[in-house]
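For reference, the structure discussed in these notes is given below.
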DNA sequence: GCATATTTGTCCGTATGTATA
DNA sequence: CTATACATACGGACAAATATG
């Protein structure tokens, strides 16, 4: 028994490939912060952990690279990227373009289509009352995914999914300043009310201000973290 | 000599991986129409053509799948996708969101930054005079890539590159109705003039109308091609 | 600056499951 | 329903590039 599909442990191929399952596992470890930025992901060691062959693992790497959760360096291996201020600005620029346009061009809204958004808002409010800021962040991500989902565009959904995954990575770098998620709860509720009233233009404007403010607060937190003491030390790496 | 890096033909590894070079070659064949939609790309036969191993070929497939130039079907292989009306609408929706936002938020424009755009316009005009509609289309693609490039966002550039590659695929399906590219030349020149005058809002509005019109013309051409005779035959595949 | 060790990049051969004729 | 073809996945091997002492 030298080779073969699914040797040993795998009880069932589910309905996805081994590479996708390995990618799912790695994605979880990255977004949960188990794999920290700047860390190199050794092929040899991960083969033992994930119980897949090296070729399959490399396919999983490719998948995650396309999502922006890993970066390749030729003959150096794969790394968890460390997002800097420019990346955050870049992410929010694309995010504003996508989300605001999706909201601005909405048509034929009814209560049925708004229901997933209301559920996310309720989840966020309940989690905030419990002080579960991590879940507040998750509910917020789900809210925005559902929001752009109203546009009914497959490609916009894909871009948004990648965007939010990378943003989640940024949150982890900043160590989740938990209070930053709190104001989003009220803003999300306000957005739903505007949409329920049929004011898509007002909702788009509110969303833009919302995202600009969120970006500014994140940037501030990132800068504070980068320079906790007042030192003006310009890091010279890279 | 059983295995090893770059066995046989490869004279130099350039500065990219074998998978990227294979992807470049496949991308060329797809966008040039050599590989037609609905065609299955056999791993075994392409290994001989591209002189790479199956594993490397599969990595190239992953790259192109991410760009939308190939689609995976589990245990079926990879195929060149055939874009339908919905895909075209989807592509143009994302395109309007990205490009119009990029133009609308432009700041600090000067002649130096507009120079690549002017070069593309000049290329398009010269090609149109020669009747080289294929080059007109290429120059048009380059124009729009440079246009969004003014925003200076890496991720927006990536999304745009994928968008235009897919669109090129659509053009090939419709067999390049060459006259469709002709009106774009004048519109591109008008856009540059508006930008040179500093009227970003006017340019954004003109671009939106431009893209809406372009989408409508493409849709019409696609429908005509799909139903050349008046038959109302609903295709039942898929 | 050079020799060595580690790791990635690439390839081959082969077994197994799945879809289709 | 059986047979065939193919994609999927595995392990092993060597060459080249990088990191390390």
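The values are calculated or read from the model by the stated rules, or taken from the named source; none is laboratory data. The shown structure was predicted, so the numbers you read here are calculated from the model rather than taken from an experiment. Ideal geometry is used to build each Cβ from the backbone, glycine not excepted, and the neighbour counts take in all protein chains shown.
Here residue A:21 meets the list (1) in contact with a strand residue (DSSP E or B) (Cβ under 9 Å, 6 or more places away or on another chain); (2) at pLDDT below 90 almost entirely, failing just condition (1).
Within the stretch A:77-89, the set of residues being within 11 Å of DNA strand C (Cβ to nearest atom) and surrounded by fewer than 20 Cβ atoms within 10 Å (Cβ to Cβ) comprises A:77, A:79. Among the residues of the stretch B:47-62, those identified as surrounded by 21 or more Cβ atoms within 10 Å (Cβ to Cβ) and either within 13 Å of chain A (Cβ to nearest Cβ) or within 11 Å of DNA strand D (Cβ to nearest atom) (or both) are B:57, B:59, B:60, B:61, B:62. Restricting attention to the stretch A:117-150, the residues being closer than 21 Å to residue A:200 by Cβ, surrounded by fewer than 16 Cβ atoms within 10 Å (Cβ to Cβ) and under 19 Å from the mean Cα position of the chain (by Cα) number 0. Being exposed (fewer than 15 other Cβ atoms within 10 Å of the Cβ), more than 15 Å from DNA strand C (Cβ to nearest atom) and more than 14 Å from chain A (Cβ to nearest Cβ) is a description that does not apply to residue B:40.
Conditions (1) away from DNA strand C (no atom under 14 Å from the Cβ); (2) assigned by TED's automatic domain parsing to the domain that holds residue A:161; (3) under 20 Å from the mean Cα position of the chain (by Cα); (4) not in a helix (DSSP H, G or I), marked per residue:
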site: A:48; (1), (2), (3), (4): no, no, no, no
site: A:55; (1), (2), (3), (4): no, no, no, no
site: A:63; (1), (2), (3), (4): yes, no, yes, no
site: A:72; (1), (2), (3), (4): no, no, yes, yes
site: A:75; (1), (2), (3), (4): no, no, no, yes
site: A:91; (1), (2), (3), (4): yes, yes, yes, no
site: A:95; (1), (2), (3), (4): yes, yes, yes, no
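Here is a check on your reading of the model: is residue B:110 free of Cβ contacts under 8 Å to residues at least 24 places away in the same chain and within 12 Å of another protein chain (Cβ to nearest Cβ)? Answer is no for this residue.
Filtered by the rule that a residue be within 13 Å of DNA strand D (Cβ to nearest atom) and part of a loop (DSSP other than H, G, I, E, B), the stretch B:30-46 gives B:39, B:42. Might you let me know whether the stretch A:156-167 holds any residue that is modelled with pLDDT of 90 or more and either touching a strand residue (DSSP E or B) at 6+ places or on another chain (Cβ under 6 Å) or over 24 Å from residue A:80 (Cβ atoms) (or both)? Yes, the conditions are met somewhere in the stretch A:156-167. Evaluate the following for residue A:15: is it at pLDDT below 85 and either part of a helix (DSSP H, G or I) or within 14 Å of chain B (Cβ to nearest Cβ) (or both)? Spelling it out, residue A:15 is indeed at pLDDT below 85 and either part of a helix (DSSP H, G or I) or within 14 Å of chain B (Cβ to nearest Cβ) (or both).
One line per residue, one yes/no per condition, for (1) touching a residue at least 40 places away in the same chain (Cβ under 8 Å); (2) in contact with a helix residue (DSSP H, G or I) (Cβ under 8 Å, 6 or more places away or on another chain); (3) more than 13 Å from DNA strand D (Cβ to nearest atom):
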{"residue": "A:25", "(1), (2), (3)": "no, yes, no"}
{"residue": "A:72", "(1), (2), (3)": "no, yes, no"}
{"residue": "A:75", "(1), (2), (3)": "no, no, no"}
{"residue": "A:98", "(1), (2), (3)": "yes, yes, yes"}
{"residue": "A:117", "(1), (2), (3)": "yes, yes, yes"}
{"residue": "A:128", "(1), (2), (3)": "yes, yes, yes"}
